[in-house]
Amino acid sequence: MKENSYLLPLYKRLDLGFVKGKKSVLFDENEKDYIDFASGVGVNSLGYANKKVLKTINKQAKRVLHTSNIYHIKPQEKCAKRIVNLSGFDMKCFFCNSGAEANESAIKLARKYGNTAFETPKYKIITIKNSFHGRTIATLKATAQEDKHKYFAPFPEGFVYANDIKEAISLIDDSTVAVMLELIQGEGGIFMQDVLLVKELEKVLKEKKLLLIIDEVQTGVYRSGEFLISQHFGIKPDIVTLAKGLASGIPIGVMMTSLKDVFTFGDHGSTFGGNFLSTATCNKVLKILEKYSDSGKLKQNIKFFDDYLAFFINKYPNLFLQKNGFGFMQGLVLKDEKKLNEIINSSLKNGLLVLKSGKNIIRFLPPIIISKKEMIKGFNRFEEVLENLI
Ligand SMILES: *Cc1c(COP(=O)(O)O)cnc(C)c1O
């Protein structure tokens, strides 16, 4: 397929497009099916064409899509309550439309807190090497990958990069207000942070009344088996950001925080954020996922998925070093990074969608509701690809 002449050439697109999907399978225009271990980069938590979600979208579309936040929005209120209850945290929500916006909101909130809660203002936010927090000017600067900053200076000041959590702790000084991190780095190699180190960081920050911001844009919404991976880590962040899986394909982001009184009227906002369509959909998606998780099926299926990946590590020790990540967010680490594109392209030809992360990692982000049957089909196709490779 040719690059479209009306679109800016920002994406390195694969030579393929889809026309429809069902559950965890996508179809191209020739009706060829693809098992989806990518879920639109962690977005399509319920896969495709979920009947209950379609009904909600239809019903809401017939009534009202958008009114703006000048007025009360019932689904937004219900959705906030649901998200807060699922998190188990004593927090309030702000709705926006993407992960970057959610992180931008977190940064603004931390800045206001730093400028108002202390005698001498604090503003620095420490982030971790290989992180990914978004593509707006501030969230790009928060992303500690300096090669991505090259053409876009000058940036807002106040972002400090640490190689790891230990270094983040050591970099905290009088002008630091927050540390922001992903508990599993999505774009940066499916690297999972150490639970004890994260808890130590949490303790140090709490003692100094500084903020722990957890970017759960990719790890959130049951990808770890829990609603938030923060719950799995047993931590209580001050700010959590969510987006990707929240509404299974309708754009939405959330910044939730225990700092309920820092933002006041006019400090922040969004035109589209939290509108009827996105929050009604999100509400339904979360209701379905909660039920699914409560049934025990999610954890069983994650175990099945996990065992399958472990099987590949054992069967192909010459190809793979190890597996990274947790739950339905995992990566197989290749010994030879040159094989990455070949595996992804051969998988595609064989009817399987997988992603990359970092330079040498095959990333798996299936829909949360993927069935055992679909997993078996997908992994069989993956095995055929590997057999042809060695
Ligand atoms: C995808 C992602 C973002 C950015 O989200 P957008 O919706 O693309 O703005 C931010 N943080 C993490 C961890 C992500 O995975």
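Conditions tested, residue by residue: (1) surrounded by 13 or more Cβ atoms within 10 Å (Cβ to Cβ); (2) closer than 23 Å to residue 18 by Cβ; (3) under 22 Å from the mean Cα position of the chain (by Cα); (4) among the basic types (Lys, Arg).
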position: 298; (1), (2), (3), (4): yes, no, yes, no
position: 321; (1), (2), (3), (4): yes, no, no, no
position: 327; (1), (2), (3), (4): yes, no, yes, no
position: 348; (1), (2), (3), (4): yes, yes, no, no
position: 371; (1), (2), (3), (4): yes, yes, yes, no
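Looking only at the range 97-144, how many residues end up being of a type in the set (Gly, Ala, Ser), under 20 Å from the mean Cα position of the chain (by Cα) and more than 8 Å from the ligand (Cβ to nearest atom)?
The qualifying residues number 5.
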Output for Cβ contacts, cut-off 6 Å, separation at least six or different chains, first residue under 18 Å from residue 234 (Cβ atoms) and hydrophobic (A, V, I, L, M, F, W, C) in the range 188-208, second modelled with pLDDT of 95 or more and part of a helix (DSSP H, G or I), reads 195/233; 197/165; 198/233; 201/165; 201/169; 204/169
In the range 198-221, anything closer than 30 Å to residue 288 by Cα and either surrounded by fewer than 24 Cβ atoms within 10 Å (Cβ to Cβ) or away from the ligand (no atom under 15 Å from the Cβ) (or both) is listed as 212
Quick one: what pairs do we get from the range 288-310, first residue within 18 Å of residue 377 (Cβ to Cβ), second of a type in the set (A, V, I, L, M), C-beta under 8 Å, 6+ apart or different chains?
301/370; 301/375; 304/375; 305/370; 305/375; 308/375; 309/332
Here are some conditions: (1) closer than 23 Å to residue 289 by Cβ; (2) at pLDDT below 95. Residue 371 meets all but one. Which one does it not meet?
(2)
Got a number for residues in the range 1-44 being within 14 Å of residue 365 (Cβ to Cβ), in a loop (DSSP other than H, G, I, E, B), in contact with a Leu (Cβ under 8 Å, 6 or more places away or on another chain) and aliphatic (A, V, I, L, M)?
1
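Does residue 7 satisfy the condition of being exposed (fewer than 13 other Cβ atoms within 10 Å of the Cβ), touching a residue at least 60 places away in the same chain (Cβ under 8 Å) and among the aliphatic types (A, V, I, L, M)?
Taking the combined requirement at face value, the residue does not satisfy it.
Here are 90, 147: which of them is among the charged types (D, E, K, R) and touching a residue at least 12 places away in the same chain (Cβ under 8 Å)?
90
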Any idea which of (1) out of contact with any Lys or Arg (no Cβ under 9 Å at 6 or more places or on another chain); (2) surrounded by 12 or more Cβ atoms within 10 Å (Cβ to Cβ) is the one residue 48 doesn't satisfy?
(1)
Hits in the range 231-245 (condition: in contact with a strand residue (DSSP E or B) (Cβ under 6 Å, 6 or more places away or on another chain) and either under 28 Å from residue 360 (Cβ atoms) or aliphatic (A, V, I, L, M) (or both)):
239, 240, 241, 242, 243
Looking at 22, 74, 112, 78, which one is in contact with a Phe, Trp or Tyr (Cβ under 9 Å, 6 or more places away or on another chain) and surrounded by 14 or more Cβ atoms within 10 Å (Cβ to Cβ)?
112
State yes or no: is residue 89 surrounded by 14 or more Cβ atoms within 10 Å (Cβ to Cβ), within 14 Å of the ligand (Cβ to nearest atom), aromatic (Phe, Trp, Tyr) and within 23 Å of residue 225 (Cβ to Cβ)?
no
Whether any residue in the range 170-180 is free of Cβ contacts under 8 Å to residues at least 12 places away in the same chain, surrounded by fewer than 21 Cβ atoms within 10 Å (Cβ to Cβ) and part of a helix (DSSP H, G or I) is what I want to check.
yes
Neighbours by Cβ (under 7 Å, 6+ apart or cross-chain): first from the range 115-135, of a type in the set (Lys, Arg); second within 11 Å of the ligand (Cβ to nearest atom)
135/100
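The values are calculated or read from the model by the stated rules, or taken from the named source; none is laboratory data. Quick caveat, the model's predicted, so the values are computed rather than measured. Glycine gets a Cβ as well: all are built from the backbone with ideal geometry, and neighbour counts include every protein chain shown.
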